[in-house]
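The values are calculated or read from the model by the stated rules, or taken from the named source; none is laboratory data. Keep in mind the model is a prediction, meaning the values are calculated, not measured. Cβ placement follows ideal geometry from the backbone for every residue including glycine, while neighbour counts extend to all protein chains displayed.
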Amino acid sequence: MKTSLRLLENVKAYIPPADFYRAELPTMPSPRGGGWRDGGLCVFHADNHAGSFRVNLETGAFCCFSCGAKGSDIIAFIQQRDGLSFPEALQQLADEWGM
């Protein structure tokens, strides 16, 4: 349990949500500032009209007003997008970001 908690704290401290979304969302317009921003095309459904998928560059939260996908941070994003459990998503982030 302590190892998982430490990994969670490290992932949240090491991966800024703005950097994460710039890397994961190729259709996201270049953000200016923080807070809620246009995330480009939603990765959770066959989206072809940008504008309904939003990401919060400070907290990592995301929400699609079209398909209803939403979550509170980048870990939830990876869980939903890749169909992973919480520990699996946490480990994937740590591995992909060189932690």
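Details
- Considering Gly71, Gly40, the condition of being touching a Pro at 6+ places or on another chain (Cβ under 7 Å) and farther than 21 Å from Gly98 by Cβ is satisfied by Gly40 alone.
- Number of positions in the stretch 71-91 that are under 18 Å from Ala18 (Cα atoms) and surrounded by fewer than 16 Cβ atoms within 10 Å (Cβ to Cβ): 2
- Residue check for Gly40: surrounded by fewer than 17 Cβ atoms within 10 Å (Cβ to Cβ) and either in contact (Cβ under 8 Å) with a residue 24 or more places away in the chain or on the phi > 0 side of the Ramachandran plot (or both): no
- Filter pass, Leu57 being aliphatic (A, V, I, L, M), under 24 Å from Leu8 (Cα atoms) and surrounded by fewer than 18 Cβ atoms within 10 Å (Cβ to Cβ): no
- Checking each residue in the stretch 31-40 for being modelled with pLDDT of 90 or more and in a loop (DSSP other than H, G, I, E, B) picks out Gly39, Gly40.
- In the stretch 60-70, the residues that are surrounded by 18 or more Cβ atoms within 10 Å (Cβ to Cβ), touching a Ser or Thr at 6+ places or on another chain (Cβ under 7 Å) and part of a loop (DSSP other than H, G, I, E, B): Ala61
- From the list Val55, Val43, the lone residue that is part of a loop (DSSP other than H, G, I, E, B) and under 21 Å from Pro16 (Cα atoms) is Val43.
- Filter result for the condition that a residue is under 26 Å from Glu9 (Cβ atoms), polar (S, T, N, Q) and either under 13 Å from the mean Cα position of the chain (by Cα) or part of a loop (DSSP other than H, G, I, E, B) (or both), over Gln79, Gln91: Gln79
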